[in-house]
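What follows is a set of notes on a single structure, which appears directly below.
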Amino acid sequence: MAMLADSIDLVIGVDTHKETHTAALVSPTGAVLDTLEASTDRAGLGRLLAFGHSRPADRRLWVLEGTGSYGAGLMTLLTAAGELVAEIDRPRRPARRHGAKSDPLDAIRAAREALGREHLGVPRRRGAREALRVLLRTREAAVGERRRALNQLHALVVSAPDELRAGLRALRGASLVSRCAGLRDVAGRTPELAATVRAIRLTARRILRATAEADELEADLRTLIGSMAPDLLTERGIGPLSAAWLVVAWSHPGRVRSEAAFAMLAGAAPIPASSGQTVRHRLNRSGDRILNRAIHTIVVSRLRYDPTTQAYAARRRAEGRTDREIIRCLKRFVARSLYRRLERRVTS
């Protein structure tokens, strides 16, 4: 089994933070050659790049934590400079109660862990893929705000004074929100009633604002994903949101090394759970859960509307499979087919 140490002359491990980054030069044998702490502004990132070139090396690898957060600026600079960059998760701490902890030690651990691995994570691209991600996250926040406001609105209506609750208790959904948003202040009301009307009106208007924001962001996502991966939108059961989450997790051709690795990333790779004469697999609870949710949504949609998927499910039920096992098998199939389509068609 080939390890990174067999193909690299120098590893630069970087522990990233908001204000400073700490880098460590590590040889293929794990020896620490030097360390440096630099600021995260343009000058500091330039110092880190020069630090990485301070030792002669034909094959140099940067290993960063948090390339999608604190390390994003450094990752962009290194990629533009033609450097080889890999992402690593948080290094394992020493298995003892009083394990040493410092930024230089974390940078060294990142580099040394990378040296012992057969495969390293490739950072996700920015550009159009990053545009999808920020739109999705912002829409997710708007949807969450709408859900919380709806819950608050129902609670306010339930506990409202009788004269106010009587006109609202039979309403549901958009009708309730619209009526509540149009409530007006009337002179002579008791302080309790006046305050409740104001709270209900403001909460309903917050729901309307969050709904409009979510709808606007979804329209932007539909346009962007339509230009990046139009073929995905022609697949049965795939809407703009599911397609966008797929592209965000996958990122670009070659980042995920195989369809099996993509299935593992999506939490769709089956886990053996055999014992004795029982041979079975169970659902995978790990991986990217948002990507898993997108694939699950696609499978549920196909089970409802796609005759081919319905026929498959009926055949597997006749074989004694449970609905959960059928969905697990379908998620693995969808992960395989979508990975192949993404590798062929998506443009960044």
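Every number in this text was worked out from the coordinates using simple rules, so none of it is lab data. Please read these numbers as outputs of a predicted model, since none were measured by experiment. Glycine gets a Cβ as well: all are built from the backbone with ideal geometry, and neighbour counts include every protein chain shown.
Across the stretch 158-168, coupling constants 3J(HN,Hα) worked out from phi with the 6.51/-1.76/1.60 Karplus curve, θ = phi - 60°, read 4, 9, 6, x, 4, 5, 8, 5, 4, x, 10 Hz, and Gly and Pro carry x. Which whole-angstrom value gives the distance between the alpha carbon centres of the stretch 165-204 and the stretch 14-28? Going from one Cα centre to the other spans 56 Å. Computed from Cα atoms, the angle from the helix 42-52 axis to the main principal axis of the chain rounds to 40 degrees.
Here the dipole of the stretch 118-264 is about 300 debye; that uses its Cα centre as origin and unit charges on the Cβ of Lys and Arg (positive) and Asp and Glu (negative). Summing Cβ point charges (Lys, Arg +1; Asp, Glu -1) relative to the Cα centre of the chain gives a dipole of roughly 1440 debye. Multiplying the residue separation of residue 19 and residue 216 by 0.36 nm and removing their Cα-Cα distance gives an extension gain of 67.5 nm.
Across the chain, the mean sequence separation of Cα contacts (distance under 8 Å, 6 or more residues apart), normalised by length, yields a relative contact order of 13 percent.
Under 16 Å from a label point set 7 Å out along the Cα-to-Cβ vector of residue 273, the amide N atoms of the stretch 313-334 belong to 321-332. Packing here is the average count of other Cβ atoms within 10 Å per residue, and on that basis the peptides 264-271, 169-176, highest first, run 264-271, 169-176.
Scanning residues 5 or more positions from residue 13 or on other chains, those with amide H under 5 Å from its amide H are 24, 26, 63, 111, with H placed 1.01 Å from N in the peptide plane. The residue among 46, 263, 69 whose Cα reaches farthest toward the positive pole of the charge dipole of the chain, with charges on the beta-carbon of Lys, Arg, Asp and Glu, is 263.
Rounded to the nearest 20, the size of the Cβ-charge dipole of the stretch 4-115 about its Cα centre is 380 debye, with Lys and Arg at +1 and Asp and Glu at -1.
Listed values for the stretch 117-130 are Karplus-derived 3J(HN,Hα) couplings in whole Hz (6.51 cos²θ - 1.76 cosθ + 1.60, θ = phi - 60°), namely 9, 7, 10, 10, x, 8, x, 5, 6, 9, x, 5, 5, 5, and x replaces Gly and Pro. Before anything else, pin down the relative contact order of the stretch 239-343: Cα pairs under 8 Å, at least 6 apart, normalised by residue count, whole percent. Dividing the mean separation by the residue count of the stretch 239-343 yields 33 percent.
Sequentially through the stretch 325-333, phi angles give Karplus couplings (6.51, -1.76, 1.60; θ = phi - 60°) of 5, 5, 5, 4, 5, 5, 5, 5, 5 Hz, Gly and Pro residues having no value and appearing as x.
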